[in-house]
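Visitor: Just passing along the structure, written as structure tokens.
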Amino acid sequence: MDEPIDNPPPVLYEGQAIQIVRTTQFDKWLLTLRDRLAKSRIVDRLDRLAFGHVGDAKSVGDGIYELRFAFGPGYRDLFHVAT
């Protein structure tokens, strides 16, 4: 055992991360959102989605999904799953 136990080799998990591409229309909407807590929670949710944690999402057809948020006035975020 020549390698120290505290220096394990890196492990890559392919297929675990999702690439998030935000539109300018979404970014403009997010900037105009006055509820700072809601804005923070939406960005946090997108960060978790990028790591593969989809959470409460529903298919609306043709590879498009709706992220549903359990706060605010019924925020919804649509995303497309590219194959």
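Visitor: Within the set of pairs 6+ apart or on separate chains, which have a first residue in segment 66-82 that is closer than 13 Å to GLY55 by Cβ and at pLDDT 85 or above, a second that is of a type in the set (D, E, K, R) and not in a strand (DSSP E or B), and C-beta atoms under 8 Å apart?
Guide: Close Cβ pairs (under 8 Å, with a partner that is of a type in the set (D, E, K, R) and not in a strand (DSSP E or B)) amount to LEU67/ARG45; LEU67/ASP56; ARG68/ASP56; PHE69/ARG41; PHE69/ARG45; PHE69/ASP56.
Visitor: Kindly establish whether LEU30 is modelled with pLDDT of 80 or more, surrounded by 11 or more Cβ atoms within 10 Å (Cβ to Cβ) and in contact with a strand residue (DSSP E or B) (Cβ under 8 Å, 6 or more places away or on another chain).
Guide: It is false that LEU30 is modelled with pLDDT of 80 or more, surrounded by 11 or more Cβ atoms within 10 Å (Cβ to Cβ) and in contact with a strand residue (DSSP E or B) (Cβ under 8 Å, 6 or more places away or on another chain).
Visitor: While we're on this one: Cβ-Cβ below 8 Å, separation at least six or inter-chain, first residue in segment 28-39 and within 12 Å of PHE71 (Cβ to Cβ), second surrounded by 10 or more Cβ atoms within 10 Å (Cβ to Cβ) and aliphatic (A, V, I, L, M): which pairs?
Guide: These pairs meet every condition: LYS39/LEU30; LYS39/LEU33.
Visitor: Moving on to the next point. Considering LEU49, LEU12, which residue is among the aliphatic types (A, V, I, L, M) and at pLDDT 80 or above?
Guide: Every option except LEU49 fails the conditions.
Visitor: Here's something else I'd like to know. For segment 38-83, which residues satisfy the criterion of being surrounded by fewer than 11 Cβ atoms within 10 Å (Cβ to Cβ), hydroxyl-bearing (Ser, Thr, Tyr) and under 18 Å from VAL21 (Cβ atoms)?
Guide: Matches in segment 38-83: THR83 only.
The values are calculated or read from the model by the stated rules, or taken from the named source; none is laboratory data. Nothing here was measured: the structure is a model prediction, and the numbers come from that model. Positions of Cβ are backbone-derived with ideal geometry, glycine not excepted, and every protein chain shown enters the neighbour counts.
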